[in-house]
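First comes the structure, then the notes that go with it.
The values are calculated or read from the model by the stated rules, or taken from the named source; none is laboratory data. Predicted model only: the values in this text are computed from it and were never measured. Counting neighbours? That spans all protein chains shown, and the Cβs are built from the backbone with ideal geometry, glycine included.
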Amino acid sequence: MKTEVRILFRSDRIQEGPRALLDTVRCGPDVAELDEGAIFTIVTLDERDERLPRLLHLLTERGASWLERRYDCFTDEELESARLLIMSYDVNAEVFGGPQEGTTYDMSEACKRCGAGARQTSAMILDGEYLHRLEGRRAAMTFKDDMLVDEKLSGALAESGATGLSFRGVFAAFEGRGHLQLPWRQLCATHTLPRMSPRSTGISPYNPCPCGRSSFAGKEEVPMRLAYRAADVADIRDINVTWEWFGEAKFDGDVSEALFPNPLFLVTPKVWRIFRDAGVTGFDWIPIRVEDG
Ligand SMILES: [Zn+2]
């Protein structure tokens, strides 16, 4: 595993120009994205790279602020030997779907304030405006981490003997023109994990709900590392969701106007291999850590 740091700063805030600054710290095109006329310059370095503190020092000296994201990168061998992998999807390729598009939910066991625990009861309905984002894809996620797979991949998953999964239909809704069934399936998890260990890092509750289950969010500057106690992952399936629900919540009792938080998808390396062999792109796979005892 290595941890990479992505630094993003405004090119026009550097008096001598971003190229001259990057030359000073010897950051070439292998680590820097620098397009003439682009608003931002992006530099990606290993967190142990000695050029990183020098770059940040120079930016500080120039009075330039920057955004920083840290994330872990893994080899195939490390993914293969993980107990569970968090699936995260390219935010620029997400499609919109859920309660506001007409998907229905049973709220009888959900939190009345944030909607965490909402149980989907219908097919997944997507906003038809976003269908182009599914083109050329075998799998995708909605902006609320609902997992979508094409028919062939859903068949491969069903035949693989993978445990803890069920499927729902997927429809697109078009303003005033009804619904169209898509050759896709929603991949649903039947198993919810216990609470994660408090030693997980890179997540933090913001605007916490009294239910304690929602409003978790990633933290850009800290790599997301989910930890579970060994006993809590003794009884997993190939597909699981977290007990904790992430992201923004807006719920006043009206499901059709709601924005629910969502659990994360955690899967075994078996599922990763099926996605990999199907040529699926757009996902990051991050192993969980298992604590002893
Ligand atoms: Zn709540």
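Worth a mention:
- Of all residues making up region 71-83, the number that are of a type in the set (A, V, I, L, M) and surrounded by fewer than 19 Cβ atoms within 10 Å (Cβ to Cβ): 1
- Criterion: closer than 20 Å to E94 by Cβ and either modelled with pLDDT of 95 or more or more than 16 Å from the ligand (Cβ to nearest atom) (or both) - qualifying residue of L193, L157, L182, L165: L182
- Looking at I125, I86, just one residue is more than 16 Å from the ligand (Cβ to nearest atom), over 17 Å from K250 (Cβ atoms) and surrounded by fewer than 20 Cβ atoms within 10 Å (Cβ to Cβ), and that residue is I86.
- Test: residue in region 65-72 that is under 30 Å from V271 (Cβ atoms), touching a residue at least 40 places away in the same chain (Cβ under 8 Å), within 16 Å of the ligand (Cβ to nearest atom) and not acidic (D, E): no
- Qualifying residue in region 217-227 (condition: within 30 Å of S160 (Cα to Cα) and outside any loop (DSSP other than H, G, I, E, B)): yes
- Assessment of region 92-100 against the conditions (at pLDDT 95 or above, more than 30 Å from R276 (Cβ to Cβ) and within 16 Å of the ligand (Cβ to nearest atom)) yields at least one matching residue.
Residues checked against (1) touching a residue at least 12 places away in the same chain (Cβ under 8 Å); (2) more than 20 Å from R113 (Cβ to Cβ); (3) not assigned by TED's automatic domain parsing to the domain that holds N207:
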{"position": "M224", "(1), (2), (3)": "yes, yes, no"}
{"position": "I236", "(1), (2), (3)": "yes, yes, no"}
{"position": "A249", "(1), (2), (3)": "yes, no, no"}
{"position": "D252", "(1), (2), (3)": "no, no, no"}
{"position": "S256", "(1), (2), (3)": "yes, no, no"}
{"position": "K270", "(1), (2), (3)": "yes, yes, no"}
{"position": "T281", "(1), (2), (3)": "yes, yes, no"}
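- With respect to the conditions (1) surrounded by 20 or more Cβ atoms within 10 Å (Cβ to Cβ); (2) touching a Lys or Arg at 6+ places or on another chain (Cβ under 6 Å), A64 falls short on a single one, namely (1).
Matching residues to (1) surrounded by 13 or more Cβ atoms within 10 Å (Cβ to Cβ); (2) in the same structural domain as D254 (by TED's automatic domain parsing); (3) closer than 19 Å to G282 by Cα:
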position: R6; (1), (2), (3): yes, no, yes
position: L22; (1), (2), (3): yes, no, no
position: C27; (1), (2), (3): yes, no, no
position: D30; (1), (2), (3): no, no, no
position: F40; (1), (2), (3): yes, no, no
position: L45; (1), (2), (3): yes, no, no
position: R54; (1), (2), (3): yes, no, no
position: A93; (1), (2), (3): yes, yes, yes
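- Only one entry of L79, L59, L67, L84 meets the criterion of being within 24 Å of F9 (Cβ to Cβ), at pLDDT 95 or above and within 20 Å of the chain's Cα centre (by Cα), and that entry is L67.
- Elements of type strands (runs of 3 or more DSSP E) contained in region 100-213, each with 1 or more residues being over 28 Å from Y228 (Cβ atoms): 124-127, 147-150, 165-174, 178-189
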